[in-house]
1. Tell me which residues, restricted to segment 371-395, are closer than 30 Å to Asn430 by Cα, part of a loop (DSSP other than H, G, I, E, B) and either modelled with pLDDT under 95 or open to solvent by less than 40 Å² (accessible area, probe 1.4 Å) (or both).
2. Residues that are in contact with a Leu (Cβ under 7 Å, 6 or more places away or on another chain), among the charged types (D, E, K, R) and farther than 26 Å from Val75 by Cβ: does segment 268-280 have at least one?
3. Which of (1) out of contact with any strand residue (DSSP E or B) (no Cβ under 7 Å at 6 or more places or on another chain); (2) closer than 26 Å to Leu104 by Cβ; (3) among the hydroxyl-bearing types (Ser, Thr, Tyr) does Thr174 not meet, given it meets every other one?
4. Looking at Tyr475, Tyr564, which is the one that is surrounded by 14 or more Cβ atoms within 10 Å (Cβ to Cβ) and over 30 Å from Val423 (Cβ atoms)?
5. State the number of residues belonging to segment 23-50 that are more than 16 Å from Glu119 (Cβ to Cβ) and surrounded by fewer than 23 Cβ atoms within 10 Å (Cβ to Cβ).
6. Condition check: of a type in the set (A, V, I, L, M), within 30 Å of Gly473 (Cα to Cα) and not in a loop (DSSP other than H, G, I, E, B). Does Leu409 satisfy that?
7. What tally of residues in segment 64-74 results from selecting those that are open to solvent by 10 Å² or more (accessible area, probe 1.4 Å) and assigned to a strand (DSSP E or B)?
8. Can you spot a residue in segment 101-112 that is free of Cβ contacts under 8 Å to residues at least 60 places away in the same chain, aliphatic (A, V, I, L, M) and either crowded, with 22+ Cβ neighbours inside 10 Å or out of contact with any helix residue (DSSP H, G or I) (no Cβ under 9 Å at 6 or more places or on another chain) (or both)?
Amino acid sequence: MAQRLIWLTLLLLASCSGPQGAYPSPLSQALVLRGEAVRGVFLEVTFDPSALRYLGSASPLLTEAHLEAGRIRLVGVSYRDLSGEVLRVRFQVLKPGAQPEARLLEQEATRASLSWEEEGPSPQGRLGPQSYTSLPGVGQAEVDPAFAQKPLGDLNASGSVGLADAVLLADLLTGAATPNPYRRYHADLDSSGYADEQDLVRLLRKVVNPNLGPGLEVAPLVLSLNPGESAHVLVGNSGNEPLPAVTLQAPSGLTVQDETPSGYAGKVYKVTANQSVDQGAIRFVAGTAGSRAVAVNSLAPDFLLSLEGNPSAPVGGQAQASLTLTPLLGFNGSVNLSLVNPPPGITLSPSTVALNGNPVTVPLTLALDPSLSPQDYPLTLRAEGGNRVREVNFTLRITDFSLGGDTALTLPWGGGGSLQVTVAAQNGFNTPLVLALEGQDGAPPPSRIALDTSSLPASGGPVTLRVTNPPPGPYPLRLKATPQGGGATRSWDFTLTVTYAADWRVVLSWNTGADLDLHLFYPGTPATQHISWSNPGICPPTGEACLEGDVTQGPGQETLRFRYQGGSYRVYVHWYFGGGSWQASGAQVEVLNAGYPVQAFPAPPSAQGYDTWWHVLTVDGSGVVPGSGVGSAQPQGLGLSPLSLPRKGR
């Protein structure tokens, strides 16, 4: 309860120029309003500022004045009936005989009259203390969008704000009128959540000043919404000039829609809770008219749903995001997760999360079928638990790729090389690839062919293969690429051709006491300059061919080395000295390429021996070809014999 003595004098000093003599002055006069059962008056007075100076007013009424050049508007109300002199408007007369013009615009009285007379004492109110009760503003359950059809302050629903509304508000405060929700909404002109004498003063200002600036007001000030519930917020104007454009900021989980019907003086907003809001607020802003906030919170046990991260994965893989469930107001229990109308081929896990009073963060996994198209999918995650449903929208990005590049690669024994592979990204694919190799028939590749490169960046690049000593020839192979972390495998077919390396080695060994010698004949070299013990040559890589040492008496071993450069390379063994036969010599020739065994040739079963030639093999473009065997004819007509050859120092 507030106690107020109903006796308020508002003194407004005039801004015009003139003498400032002592007051009251012999030249002062007053416009006096007298009446019976006066509850309120609205008076407009016009005057010549050069002839009259406005000095102020005195009244037992609660008054507001609006002064312009040569015009003053005054409005006043009382909490109860007043009789006699109720208003005195004072002027200083600057020109003898000057008088103002006055008219009553509105009155709430049995009788009222105006007179111009010499200044006298102020009207003496003889009223006891007057009690009034502040009225609560309109609550969430009481708001009717139709309240906003009339301008704020129009308590009697006449379509405009006037003196009668101020009198009605005074009666509401004293209990003389019934405070229904419509009246309580229009009585709160400062968004304080209740109506009191300050609102009555604001209402009088709105009545008296047609140019009163806009003031943004909202009701109700508090909303309590559980998920799925809606309520209305009304926006009004406590001034007379139009409200600037209204903007708003709402917390996550609320949808605010402007549902103002055409022709309404105020605005109507529908607020819907999509999820729990704990201590949130909607902020309304209207430029110079200020800003107001409406608090929003939940009452029932609830939970919040949030999703962090941008789930993305290749087709056939798994996309992940971070899911957080936050219990509110003591929520406990299981929350079921699902996707709303997802396309076929997307599977969600987990399907259930248990809440026990504390926030829970878990990885949300989306398994993607390989048949899905690479594109962005707008999805909705739904969480249901305890009669609460929460939803959050997100975008799932599904990517893919294809392979391209070289279709052929040739590698020698013991060698390695690179196959250039391109990766064509689809829908932003950017995942490194894990590589594997197989035959184009799906069988494992030969054990002596292997990948040196185990992974490939999403941008593509060289893929290195290495071979040891598989049989030379073509190998139809398939490169398989799988995104790291999982996804559909894509492949690229190519042909690997394996050849012998250029570096050859021929090793002769025998176990008798005879002297056996290796000889090599190769293209571009005269027979007389072939590689032998008398012309050992220069070993690769500096030279083209060489004999690594000469054993003059067995048992022994000799080695030929050469670098194949095309044509035919013929290898012979000459029985230079000593007795015995080939079949009893224990002789053997082993052929190696790049250090790997190719073939071994045992001595032929010949009874011949001394001064015979064994044509062991020929190396040509096809590989190793067995020679013609043992004979007495010298290769290429050489005149070589133990007697004609240089002696070996025996």
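1. Pass one, segment 371-395, residues closer than 30 Å to Asn430 by Cα: 371-382, 391-395.
So of that shortlist, the ones also part of a loop (DSSP other than H, G, I, E, B) come out as 371-375.
Within segment 371-395, Leu372 is the sole residue that qualifies.
2. Yes; the residues of segment 268-280 include at least one that is in contact with a Leu (Cβ under 7 Å, 6 or more places away or on another chain), among the charged types (D, E, K, R) and farther than 26 Å from Val75 by Cβ.
3. (1) is the only condition that Thr174 fails.
4. Values: Tyr475 fails: over 30 Å from Val423 (Cβ atoms).
Just one listed residue meets the conditions, Tyr564.
5. If we filter segment 23-50 for residues that are more than 16 Å from Glu119 (Cβ to Cβ), which is where we start, we get 35-44, 46, 48-50.
Restricting the remaining residues to those that are surrounded by fewer than 23 Cβ atoms within 10 Å (Cβ to Cβ) gives 36-37, 42, 44, 46, 48-50.
Result for segment 23-50: 8.
6. Working: of a type in the set (A, V, I, L, M): yes; within 30 Å of Gly473 (Cα to Cα): yes; not in a loop (DSSP other than H, G, I, E, B): yes.
Taking the combined requirement at face value, the residue satisfies it.
7. Number satisfying all stated conditions: 7.
8. Going residue by residue through segment 101-112, those that are free of Cβ contacts under 8 Å to residues at least 60 places away in the same chain are 101.
When the remaining residues are screened for being aliphatic (A, V, I, L, M), the result is none.
No, segment 101-112 has no match at all.
The values are calculated or read from the model by the stated rules, or taken from the named source; none is laboratory data. Please read all numbers here as calculations on a predicted model, not as lab measurements. Please note: Cβ atoms are built from the backbone with ideal geometry, for glycine as well, and neighbour counts cover all protein chains shown. To get the accessible areas, we keep the full protein, side chains included, count just its heavy atoms, and leave off ligands, DNA and RNA. Shrake-Rupley method; radii C 1.70, N 1.55, O 1.52, S 1.80 Å.
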